[in-house]
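Everything below concerns the one structure shown next.
Any read-out appearing in this document is the output of simple, stated calculations on the displayed coordinates, not a laboratory observation. From a predicted model like this one, the values you see are computed outputs, not experimental measurements. Glycine gets a Cβ as well: all are built from the backbone with ideal geometry, and neighbour counts include every protein chain shown.
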Amino acid sequence: MDGTARNPRKLGDRVKHYWLAQRMAKRTGVDLNAAATSGDLSQDDWSNVVTRCQGCAWTEGCQKFLGQTDAVLQPIPATCENSQTLKHLKFKQRT
């Protein structure tokens, strides 16, 4: 080993991150239920969304972002580990 290997990040609580992912989707205008119903989000994809959220280093910032009382839809933060998935689903839901 060259000494640059890092320990993998410990995954957070699955239930907590399930709800964070749900809230992030809603806050940014993505309907995960509609995506699952339409086939745009498979069960494996949904599981991967939660797992990525569990390993995200931005959990504290995410909680602050989601804790804002402003009801206006927000852009998907680039710091979110699921930003690409959410952007893809948002695009699919607009077309």
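What is the angle, in °, between the Cα long axis of helix 14-27 and the longest principal axis of the Cα atoms in the chain? Nearest 10 is fine, range 0 to 90.
40 degrees
Under a point-charge model restricted to the Cβ atoms of Lys and Arg (+1) and Asp and Glu (-1), what is the dipole moment magnitude of the chain relative to its Cα centre, in debye to the nearest 20?
Dipole magnitude for the chain comes out near 160 debye.
From the residues HIS88, VAL72, LEU11, which one has its Cα farthest along the dipole of the chain in the positive direction, the dipole being from +1 and -1 charges on Cβ of Lys/Arg and Asp/Glu about the Cα centre?
Farthest towards the positive end: VAL72.
Step through the table entries LYS16/LYS90; LYS26/LYS92; LYS10/LYS64, compare each Cα-Cα distance with 19 Å, and write down the pairs that go over it.
The pairs that break the limit, which is 19 Å between Cα atoms, are LYS16/LYS90; LYS10/LYS64.
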